[in-house]
Amino acid sequence: MPFTPSPSDNFTFGLWTVGNTGRDPFGEPTRPRLSPAEIVELLGEVGGVRGVNFHDNDLIPIDASPAESRQIKADFARALKRHKLKVAMATTNLFTDPAFKDGAFTSNDAEVRAYAIQKTMRGMDLGAEFGAKIYVFWGGREGTETDAAKDPIESEARFRRAIDFLCDYSRSKNYGYRFALEAKPNEPRGHMFFPTTGSYLAFIATLKHPGMVGVNPEVAHEHMAGLNFSHAVAQALAANKLFHIDLNDQQFGRYDQDFRFGAADIKSAFFLVKLLEDNAYKGFRHFDAHAYRTSDRKDVIEFARGCMRTYLILKDKARRWNADPEVRRLQRTIRRDNARLDELWSRYSATSAAALSRREFDRQAMAARPLPYERLDQRTMEILLGV
Ligand code: DIG
Ligand code: MN
Ligand code: MN
């Protein structure tokens, strides 16, 4: 059947995504809590999933005894084996426990900052135990409600020292991790440090081991900032920093909805899939999303299948768009290439600068040239609508 996912599509889900119990700030859970092993079983039932991701405490509760921890890991490992799932990414929960009420690495309390480093080292140990090679950092509590609370420059320096230290920890243990930093503009903090993927791309350049560190852009988070997600991902791709990606969907101007991929804005989802596929992105396609609070187990399975099917349908639409004769014809009208003119300013020389400054340009002619973007966008919509 077409659009049926297979492990080679590299789709992954976090334990917290299909394991989401439906709790929200205004209501209690609507679904029973599943153990990690039961979540893996559910993903086995979904079919075609490559891997699973976890926060340390999704797998091992923060107050589990060593015996409980051993049992949970054994059950989880057995389920992974049975369903041929791998652990693709690991991360640390530095946002649920009240100790992190004012952040982790940027907390005003040195003891909390040190505890956050220790907790992350242990999370890295746990991820390495299951073969994860990507480690995500989402600074859920790194921020302020009032800027009277923290010096933003000192906070960035604290975050930088934490990442530098943990890069050295990974190197010392030969874990081979690549770190992926995930931005979000707000929620749960009023203002989060490093609000967008662009903020992190600038930050990475200031690190001790920038080669080990990339980004994990999330659709919902760039949309919450009112940004074009494909442009953020394109900048990461061009800088070879797209180490991971959190796919979901989000209506603009809303709280973090973490909707099923493509459920809100199919057009931007299309351009994202086209960007990833046109650029042969080899990484994991992680759906950091969850089913509606109204969904039961059966509908959660449909949610997971829907994420993957929509991605595969849009991948096919991208292939059609690239091959579409009308699109190609319109692109030929739109693109006015002139290699000789480009050559004049692709590399500086006094001669080319002199030639360029002497050149006559006909502004009226340039302004009069046709740009049939309405036709092109309508054709794009009709390909998406299957006309
Ligand atoms: C939220 O979008 C964050 C957390 O779920 C997690 O730390 C990260 C991993 O994808 N995404
Ligand atoms: Mn989110
Ligand atoms: Mn995410």
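The values are calculated or read from the model by the stated rules, or taken from the named source; none is laboratory data. Small disclaimer: the values here were computed from a predicted structure and weren't measured. Don't worry about glycine lacking a Cβ; one is built from the backbone with ideal geometry, like all the others, and counts go over all protein chains shown. Calculation scope for accessible area: heavy atoms of the full protein, side chains included, ligands and nucleic acids excluded. Shrake-Rupley method; radii C 1.70, N 1.55, O 1.52, S 1.80 Å.
When THR96 is tested against the conditions (1) in contact with a strand residue (DSSP E or B) (Cβ under 8 Å, 6 or more places away or on another chain); (2) closer than 22 Å to GLY19 by Cβ; (3) within 16 Å of ligand 2 (Cβ to nearest atom), the lone failure is (1).
In the range 199-233, which residue that is in a strand (DSSP E or B) and more than 14 Å from ligand 3 (Cβ to nearest atom) is nearest to ASP288 (Cα to Cα)? Talk me through it step by step, then tell me what you get.
Going residue by residue through the range 199-233, those that are in a strand (DSSP E or B) are 213-215, 218.
Next, from what is left, pick out any that are more than 14 Å from ligand 3 (Cβ to nearest atom): 213-214.
Working: VAL213: 20, GLY214: 18 Å.
Among residues in the range 199-233 that are in a strand (DSSP E or B) and more than 14 Å from ligand 3 (Cβ to nearest atom), the one nearest to ASP288 (Cα to Cα) is GLY214.
Screening the candidates ALA355, ALA367 for the property of being over 22 Å from the mean Cα position of the chain (by Cα) and either surrounded by fewer than 11 Cβ atoms within 10 Å (Cβ to Cβ) or closer than 30 Å to LYS133 by Cβ (or both) yields one hit, ALA367.
Go through the residues of the range 259-281 one by one and say whether even a single one is in the same structural domain as SER230 (by TED's automatic domain parsing), away from ligand 2 (no atom under 16 Å from the Cβ), free of Cβ contacts under 8 Å to residues at least 40 places away in the same chain and under 23 Å from ILE134 (Cα atoms). Steps first, please.
Residues of the range 259-281 that are in the same structural domain as SER230 (by TED's automatic domain parsing), as a first pass: 259-281.
Keeping just the survivors that are away from ligand 2 (no atom under 16 Å from the Cβ) gives 266-267, 270-271, 273-281.
Within this subset, residues satisfying the condition of being free of Cβ contacts under 8 Å to residues at least 40 places away in the same chain are 280.
Narrowing further to those that are under 23 Å from ILE134 (Cα atoms): 280.
Looking for residues that are in the same structural domain as SER230 (by TED's automatic domain parsing), away from ligand 2 (no atom under 16 Å from the Cβ), free of Cβ contacts under 8 Å to residues at least 40 places away in the same chain and under 23 Å from ILE134 (Cα atoms), one finds at least one in the range 259-281, hence yes.
Contact annotation: residue pairs with Cβ atoms under 6 Å, 6 or more positions apart or on different chains, pairing a residue in the range 227-241 that is assigned by TED's automatic domain parsing to the domain that holds ASN186 with a partner that is assigned to a helix (DSSP H, G or I) and open to solvent by 40 Å² or more (accessible area, probe 1.4 Å), are SER230/PHE271.
Name every residue in the range 142-163 that is acidic (Asp, Glu), outside any loop (DSSP other than H, G, I, E, B) and crowded, with 16+ Cβ neighbours inside 10 Å, in order of residue number.
Quick first cut of the range 142-163, residues acidic (Asp, Glu) only: 142, 145, 147, 151, 154, 156.
In the following step, the residues that additionally are outside any loop (DSSP other than H, G, I, E, B) were identified as 154, 156.
Of everything in the range 142-163, just one residue is acidic (Asp, Glu), outside any loop (DSSP other than H, G, I, E, B) and crowded, with 16+ Cβ neighbours inside 10 Å, namely GLU156.
For the range 179-198, the set of residues classified as outside any loop (DSSP other than H, G, I, E, B) and either within 14 Å of ligand 3 (Cβ to nearest atom) or surrounded by fewer than 18 Cβ atoms within 10 Å (Cβ to Cβ) (or both) consists of ALA180, LEU181, GLU182, HIS191, MET192, THR197, listed by residue number. ASP258 passes every criterion in (1) within 13 Å of the chain's Cα centre (by Cα); (2) away from ligand 1 (no atom under 16 Å from the Cβ); (3) among the acidic types (Asp, Glu) apart from (2).
When MET224 is tested against (1) in contact (Cβ under 8 Å) with a residue 24 or more places away in the chain; (2) open to solvent by less than 60 Å² (accessible area, probe 1.4 Å); (3) more than 16 Å from ligand 1 (Cβ to nearest atom), exactly one condition is not met: (3).
Does ALA37 satisfy the condition of being touching an Asp or Glu at 6+ places or on another chain (Cβ under 8 Å) and over 21 Å from GLY131 (Cα atoms)? Don't jump to the end; show me each part of the working.
Working: touching an Asp or Glu at 6+ places or on another chain (Cβ under 8 Å): yes; over 21 Å from GLY131 (Cα atoms): no.
The answer is no for ALA37.
For the range 233-273, the set of residues classified as open to solvent by 40 Å² or more (accessible area, probe 1.4 Å) and of a type in the set (Ser, Thr, Tyr) consists of TYR255 only.
Is it the case that the range 294-309 has a residue that's in contact (Cβ under 8 Å) with a residue 12 or more places away in the chain, assigned by TED's automatic domain parsing to the domain that holds ALA238 and within 16 Å of ligand 2 (Cβ to nearest atom)? Before the answer, list the steps.
Our first condition is that a residue be in contact (Cβ under 8 Å) with a residue 12 or more places away in the chain; within the range 294-309, this holds for 294-297, 300-301, 303-309.
Those left that are additionally assigned by TED's automatic domain parsing to the domain that holds ALA238: 294-297, 300-301, 303-309.
Cutting the leftovers down to within 16 Å of ligand 2 (Cβ to nearest atom) gives us 303, 307.
Yes, that holds for at least one residue.
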